[in-house]
1. Subtract the Cα-Cα distance of residue B:5 and residue B:127 from 0.36 nm times their separation in residues, and report this length gain in nm to one decimal.
2. Any idea which of A:245, A:91, B:42 is furthest toward the positive side of the dipole for the protein assembly as shown, if Lys and Arg beta-carbons carry +1 and Asp and Glu beta-carbons -1?
3. Dimensions of the protein assembly as shown along principal axes (Cα, Å, largest first)?
4. Order by neighbour count: B:1, A:175, B:114, fewest other Cβ atoms within 10 Å first, most last.
5. Sticking with the crude label model, points 7 Å out along Cα→Cβ, report the distance from residue B:62 to residue A:130 in nm, one decimal please.
6. Assigning unit charges at the beta carbon (Lys, Arg +1; Asp, Glu -1) and nothing else, what dipole magnitude in debye, to the nearest 20, does chain A show about its Cα centre?
7. Any idea what the dipole of the range A:202-270 comes to, in debye rounded to 20, about its Cα centre with Lys/Arg Cβ at +1 and Asp/Glu Cβ at -1?
8. With a 4.7 Å Cβ cut-off, tell me which Cys residues in chain B come up empty for a partner.
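What follows draws every value from the coordinates through simple rules; no lab data is involved. Source: prediction; values computed, not measured. Ideal geometry is used to build each Cβ from the backbone, glycine not excepted, and the neighbour counts take in all protein chains shown.
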Amino acid sequence: MLLKQEAENPQITYNSNKMNSIDALKELLYKIADDQLIIGHRNSEWTGLGPILEEDIAFSSMAQDKIGQSEHIYNLLHQLGEADADTVAFTRNSAQFHSSQFVELPIGDYSFSLIRHFLFDFAEYLRFESLKSSSYEPLAQVSKKFFGEIKYHTMHANTWVNQLGKGNEESHTKMQDSLNYAWNYALGMFEQGPAEDLLISENIFIGEKALQDVWLGTITPLLTQSNLTIPAQENWKPIFGGRFGKHSQHLQPLLEEMTEVYSIDPSADW
Amino acid sequence: MITKSYIREQLKQVKDPEIPTISIVDLGIVTGIDIHENDVHVTLTPTFAGCPALRLMEDMVVNHLNSYNQLGKITVETSFETTWTTDLITDEGHAAIKKHGLAPPIRNCSNITMEVIEATNCPYCDSDNTSMKSPFGPTLCRSLHYCNNCKQAFEGFKPI
């Protein structure tokens with residue numbers, strides 16, 4: 001069954017020798033927007049379920065920010081000739097999504113959602129900080145906007161990671177266990193694209209390697225201050241594949257839920 | 001003769017749908033007005049990328065300007081070319097936000113930290129003896145606070 005599905009839904013393939021800078025740019029935009037759309041959907045799953053009212057509102061607000069931001073990135077793709085935002089967001093299957101496997105993981109218990117929020121949002125924050133000076137001006141413009149918004153997300157994440165990392169034994173253990181589980185998935189966010197060198201040489205993006213270094217330099221001291229320890233480097237095994245359409249079993253059910261209304265009536269509006 | 005300042009003045013009657021005391025002009029989101037003969041093209045910049053009022057405000061601008069018979073074709077676009085920050089809110093806008101019962105955002109918002117947002121003055125009694133309950137409120141642009149002086153929960157317009 002799985003083989004059949006894979007045959008029908010070939011994953012994303014590139015011929016890196018033939019990629020021009022527009023193809024490379026599109027690949028970059030797709031992975032940013034897809035990450036935001038999927039994490040935004042996951043964040044929204046806390047709506048009505050947050051452990052306290054303020055946290056329910058926080059995750060719902062962050063969901064709104066991220067899905068809103070993804071729409072603007074899909075609009076940039078539309079300007080580059082891709083289908084419009086709704087079509088792109090709601091009609092692709094999992095093998096066509098460029099999101100990292102990290103963002104599609106279920107929300108788990110709150111400690112996992114907080115740790116993912118921390119690791120993902122700092123990466124996103126630093127990604128947009130670097131993209132503020134992208135040579136692709138429309139991306140630089142939206143990055144300036146998103147950067148200011150995501151600052152609130154990272155402040156929120158750090159406050160809770162710090163409080164619970166340093167809280168009592170139970171909260172500390174839960175946060176550390178979640179960090180250990182999340183770590184290799186988080187490293188998977190920095191999977192290199194098929195035309196990394198082109199993006200770097202055209203000054204569109206600093207590249208995943210450089211971004212991961214900045215990210216590690218930022219989150220390591222913050223986690224240390226929260227009494228949390230990053231897994232030993234010899235155990236780092238990044239979970240790659242998402243950028244090329246290889247996903248876990250968790251993405252397709254998410255997409256089916258997310259697109260339920262659209263599938264019934266593509267013209268539905270509210 | 002239709003001038004930019006005339007259009008800007010008329011747009012002061014278009015209010016933010018979520019904070020109806022403030023006009024979109026005082027909110028600082030009208031970043032461009034282009035006039036060609038009687039046609040008017042207005043450029044707006046989003047406050048928050050995910051703001052659901054964005055398209056509504058575009059429609060409100062078109063509908064409002066369409067009510068002036070001397071104006072020709074009205075078009076509106078949203079552009080990120082000017083990055084909106086709360087520093088673009090005018091002094092009148094600050095007063096309008098306060099009138100709605102929200103604490104206005106602090107000025108010079110480029111270096112926001114939790115400590116800065118914590119130090120929001122109460123919109124009711126002006127006390128600085130307040131604490132922040134959450135940087136996320138009922139809309140994307142608001143945070144939740146409590147005044148220890150007048151024992152009142154209040155919302156702040158987030159500096160961004």
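1. 40.1 nm
2. Result: B:42.
3. Between the extreme Cα coordinates on each principal axis of the protein assembly as shown lie 68, 56, 44 Å.
4. So the ranking, lowest neighbour count to highest, is B:1, B:114, A:175.
5. 4.0
6. 660
7. So the magnitude is around 460 debye.
8. B:51, B:109, B:141
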